[in-house]
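Working notes, structure below.
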Amino acid sequence: MQELLAKQLVPNKFWIVQNHGRKVGTLQKNKDGFILVTQQDKIHFENVDKVYDAFGKDFFEATVTKKIKDSKVLEVYNFPTSTSAFNPLFDVQNNLPLYSKSKKSKSLYCAGYYTIKFAKGWVKSFCPKLITLQRYEYKGPFKTELEMRQVLSNVSKTA
């Protein structure tokens, strides 16, 4: 018996479709409805009700359950963070959402996803220290890992 669940990657736009935890395809929402892409097929659904008809009312439930568990919002100026943020501020000159990890901390971290160019090449980073971005070339911040991966793919090709 197949038990398909959609795991949300980009809110209300992009999901990974899994069968018992294994990726079997992707689901994307666009202006024409939903498109399910698997290795074998590309299926169009006119609306969310058609998706429910095909896969059941619990198809998106995994995403909803996770959001209830993770109800604590971890972000600074709409960019995700790895921990609770203290002393949030926005560096307007460098366009960076900054925060510290505790009230007494002197280290500043940058909220969001980044690509950073070290000697070995471009690497991905989530919430790096501000000093790292001051020392190395970088691109970001990005609100999602998907956006960051696209940029990383482009800079890796040109490097």
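The values are calculated or read from the model by the stated rules, or taken from the named source; none is laboratory data. Not measured: the values here are computed from a predicted model. Backbone-built Cβ (ideal geometry, glycine too); neighbour counts: all protein chains shown.
Since Thr132 meets every condition but one in (1) at pLDDT 90 or above; (2) within 23 Å of Val10 (Cα to Cα); (3) surrounded by 13 or more Cβ atoms within 10 Å (Cβ to Cβ), which condition does it not meet?
(2)
Only one of these is modelled with pLDDT of 85 or more and surrounded by fewer than 15 Cβ atoms within 10 Å (Cβ to Cβ): Lys67, Lys72, Lys23. Name it. Outline the logic, then answer.
Numbers: Lys67 fails: modelled with pLDDT of 85 or more; Lys72 fails: modelled with pLDDT of 85 or more.
Among Lys67, Lys72, Lys23, only Lys23 is modelled with pLDDT of 85 or more and surrounded by fewer than 15 Cβ atoms within 10 Å (Cβ to Cβ).
Quick test of your reading of the structure: Ser153 fulfils all but one of (1) assigned to a helix (DSSP H, G or I); (2) hydroxyl-bearing (Ser, Thr, Tyr); (3) touching a residue at least 40 places away in the same chain (Cβ under 8 Å). Name the failing condition by number.
Among (1) assigned to a helix (DSSP H, G or I); (2) hydroxyl-bearing (Ser, Thr, Tyr); (3) touching a residue at least 40 places away in the same chain (Cβ under 8 Å), Ser153 violates only (3).
Mind checking which pairs have a first residue in region 53-78 that is outside the structural domain of Leu89 (by TED's automatic domain parsing) and farther than 29 Å from Asn95 by Cα and a second that is outside any loop (DSSP other than H, G, I, E, B) and at pLDDT 80 or above, Cβ under 6 Å, 6 or more apart or different chains?
As it stands, the answer is Phe55/Leu4; Phe59/Ala6; Phe60/Ala6; Ala62/Leu5; Ala62/Lys7; Thr63/Gln8, since those pairs meet every condition given.
Can you tell me which residue in region 1-20 is surrounded by the most Cβ atoms within 10 Å (Cβ to Cβ), limited to those that are part of a loop (DSSP other than H, G, I, E, B) and in contact (Cβ under 8 Å) with a residue 12 or more places away in the chain?
We begin by selecting, within region 1-20, every residue part of a loop (DSSP other than H, G, I, E, B); these are 1-3, 11-13, 20.
Among the residues that remain, those that are also in contact (Cβ under 8 Å) with a residue 12 or more places away in the chain are: 2-3, 12-13, 20.
Numbers: Gln2: 7, Glu3: 11, Asn12: 8, Lys13: 13, His20: 10.
Result: Lys13.
Do we have any residue at all in region 40-48 that's part of a strand (DSSP E or B), at pLDDT 80 or above and touching a Ser or Thr at 6+ places or on another chain (Cβ under 8 Å)?
Kept after step one, since they are part of a strand (DSSP E or B), are these residues of region 40-48: 42-45.
Narrowing further to those that are at pLDDT 80 or above: 42-45.
From what is left, the residues that are touching a Ser or Thr at 6+ places or on another chain (Cβ under 8 Å) are none.
No, every residue in region 40-48 fails to be part of a strand (DSSP E or B), at pLDDT 80 or above and touching a Ser or Thr at 6+ places or on another chain (Cβ under 8 Å).
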